[in-house]
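What follows draws every value from the coordinates through simple rules; no lab data is involved. Everything numeric in this text was worked out from a predicted model, so none of it was measured. Cβ placement follows ideal geometry from the backbone for every residue including glycine, while neighbour counts extend to all protein chains displayed.
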Amino acid sequence: MKPSYDANWQEKYRSSIVTADEAAKRIRPGQRIFIGTGCAEPLQLVRALTKRATELPDTEIVHLLTFGDAPYAHKEMAQYFRTNSFFISENVRNIIQEGLGDYTPIHLSDLPRLFDSGELPLDVALIQVTPPDAKGMCSLGVSVDVVRTAAENASLVIAQVNPNMPWTHGDSLLHVYDMDLLVPVDDALIEVPPMELAEETQQIAENIASLIEDGSTIEVGIGRIPQALLGFLKDKKDIGIHTEMISDRIVELVECGAVTGQRKTTDHGKIVTSFCLGTRRLYDYIDDNPIFAFRPTEYVNDPYVIRQQHKMVAVNVALEIDLTGQVCADSLGSKFFSGVGGQVDFNRGAAKAHRGKAIIAIPSTAKGGTISRITTRLSPGAGVVTTRAGVHYVVTEYGAAYLHGKSIQERALALISVAHPKFRAQLLREAIEAKYLSASMADMEGKIQVGPKELRTTYVTQEGTQINFRPIHPTDEPRMRDLFYKLSQQTIYYRFMSFTKIIPRKQIQDFVYIDHRNDVTIVGTLREAYGEDVVAVGSYYLDPKANLAEVAFVVSDQLQNRGVGTFLLQYLIRIARRHGIRGFTAEVLTENKAMQAVFNKSNCRLHTESSGNVVSYRMDFE
């Protein structure tokens, strides 16, 4: 039941009630002032503070992230106020990039300790709360994050008391006597409407969604890509939320039943967050809604808490990534742009979680497609937020690259293959020059292609095993090698018509580096937390003169006789027909009755011819 505000609260606490201007007069020169986060920024107090600028020299203003006006961060105010931000938003970016303000890089999980320990003592906290209830309790509403810790540590706490602030559940309450001055207001909260999403943003989000399983708990950081992801989760089941921030898009996911939190390991059934950025629609939805738990940053961002969630998925963004996997997320070269935020907290927690996934999302290009965000080396001055040892998935609009536990050569190749096509040849040459790739890879220039996403499909065996089929990827070379060495000698003999014990790298590369039209290779994979295992491969190679393609495929021993080969052949037929190919040819050993059975029920016009121990097939498509 929603708490009813004390109708007489202004009379009861009259001795603490002042106007914004009267409250600002309690602030002295040289003090350090904390301003509340995001959409809970107390705008009347900020304006009253700024009006006294000439009386407050040497004043430092600190905050995590603000979205409202920041008049204290104007250039002419720099002689009075020194802005120090833990995450750079647009309203303070210019002053910081001009060197007239400060940025303190810090993991969000460490920030509350900075206040608690006295390492960064706070003199004043300007916050915004709901009116008190009958017990004198006020809710911090849309922003608990580090606001609660700041209020607990500041010598002087000044609160805007606003009936338009939603009452949120979790750990959002402060007693009215924990605040020194109360400023009644009746103002609309700051609103942040949903962002417009470009096509490439939507594609990246769709690629990320393909990595998220039913029952996962997700974190989505600030930015267009993480928020776009929510639009691709409506068909998922029992998704949980444990994240720093929520937006309006969470409402649709709850209402459609995708988000239930029923499989969460901790905070069962709860949407756990520390602040929200949205519109009145979201504020009304979270108001006294018990499924939302607003918790302080020291809980939400604690990697130990995060790692307890099974299938924890963390999604964060980057500005630049080099070919070894170093992630820059807070600066453009030497210009500070955003912040470290919770990327490392969630990346580390998700990576340690049972079947967890840590994902870095990045558009392949910037500045209208003129530069690649995937680079051989980071730009001069660029800072590393997530190290090369800590990165797991990197996702662009061209696919996902899994880097954890991979060699530099494997990483470079994986990242080149998800870079924008027009930069791949350049990146390949630079990687060879940097000795990240061997000189022999120069032959692959122009051959690093990613197959169209339209060729993705799935097949479920009678036993319930789901196999994902997709075009082969340049990074599949080691997976192809692993598949070969796991095959039984009989399977190898049937596929290659010899008892070969090794497969030359050149032969594997012939499978991998193809044009996806004349030569097509489809792989069947089983999803693992560390990436994928290839369990089936089907290929065809076109003879343009005859307009016939030679087809061959192999299925791992443990999945044979489960319909996988039949499915794979029919799928290759559909692809070939789409490309105008008139039929397949194949050669099969006489004793390989299982493969012959697959071809015999292909629904094609069959022509067979035997020669020695080999049966030659021609399959004309109807």
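Rounded to the nearest 500 deg cm²/dmol, what is the calculated helix-only ellipticity per residue at 222 nm for the chain, with -39500 (n - 2.57) per DSSP H run of length n ≥ 4? Spell out each step's value before the answer.
Details: 20 runs with 161 residues, N = 622.
Dividing the helical sum by the residues of the chain leaves -7000 deg cm²/dmol.
For T387 and A134 in the same chain, what is the full-extension length gain: residue separation times 0.36 nm, less their Cα-Cα distance, in nm?
Details: separation 253, 0.36 × 253 = 91.08 nm, distance 5.03 nm.
Taking T387 through A134 to full extension adds about 86.1 nm, to one decimal.
What are the semi-axes of the equivalent ellipsoid of the chain, taken as the square roots of 5 times the eigenvalues of the Cα gyration tensor, listed largest first and rounded to whole Å?
58, 26, 18
Quick one: what are the phi-derived ³J(HN,Hα) couplings along the stretch 6-16, Karplus 6.51/-1.76/1.60 with θ = phi - 60°, whole Hz, x for glycine and proline?
5, 4, 9, 4, 5, 6, 5, 10, 4, 5, 9
In the chain, if the dipole is taken from +1 on Lys/Arg beta carbons and -1 on Asp/Glu beta carbons about the Cα centre, which of I448, T585, Q570 is farthest to the positive end?
Final value for the positive-end residue is T585.
Farthest toward the dipole's positive end in the chain, which of F34, I306, N207, given Cβ charges of +1 (Lys, Arg) and -1 (Asp, Glu) about the Cα centre?
So the residue furthest toward the plus end is N207.
Report the full-extension gain for the segment Q79 to R429: residue separation times 0.36 nm, less the Cα-Cα distance, to one decimal in nm.
121.0 nm
Roughly how far apart, in whole Å, are the Cα centres of the stretch 301-323 and the stretch 134-160?
Using only Cα atoms to place each centre, the spacing works out to 28 Å.
If you take every DSSP beta bridge fully contained in the chain, what fraction is antiparallel? Give it as a percent rounded to 5. Let's see the in-between values first.
Numbers: 56 of 109 bridges.
The answer is about 50 percent antiparallel.
For an R0 of 60 angstrom, estimate the FRET efficiency from the Cβ-Cβ distance between N8 and K352 and round to the nearest 0.05.
Computed FRET efficiency for N8 and K352 comes out at 0.75.
Quote the charge dipole size of the chain about the Cα centre in Debye, to the nearest 20; the model charges only the Cβ of Lys and Arg (+1) and of Asp and Glu (-1).
Computed about the Cα centre, the dipole is about 1960 debye.
Could you state, as a whole-number percent, how many of the C-alpha pairs of the stretch 1-114 are farther apart than 17 Å?
Summing the P(r) of the stretch 1-114 above 17 Å gives 59 percent of all pairs.
Can you put I360, I448, I158 in order, fewest other beta carbons within 10 Å first?
Listing I360, I448, I158 from fewest to most nearby Cβ atoms yields I448, I360, I158.
Looking at L428, A329, F232, which one has the Cα that reaches farthest to the positive end of the dipole of the stretch 199-444 (charges on Cβ: Lys, Arg +1; Asp, Glu -1)?
So the residue furthest toward the plus end is L428.
Go ahead and run the numbers for FRET between Q262 and Q462, Cβ-Cβ distance against an R0 of 30 Å, rounding to 0.05. Don't skip to the answer; put the middle values down first.
Details: r = 28 Å, r/R0 = 0.94.
In this case the efficiency is close to 0.60.
Can you sort M312, M441 so the residue with the fewest Cβ neighbours within 10 Å comes first?
Values: M312 27, M441 21.
By the 10 Å Cβ count, ascending, the order reads M441, M312.
Only Lys, Arg, Asp and Glu count, each charged at its Cβ (+1, +1, -1, -1), so figure out the dipole size of the stretch 199-444 about its Cα centre, rounded to 20 debye.
580 debye
With a Förster radius of 45 Å, plug the Cβ-Cβ distance of E255 and D123 into 1/(1 + (r/R0)^6) and report the FRET value to the nearest 0.05.
Efficiency for this residue pair is about 0.55.
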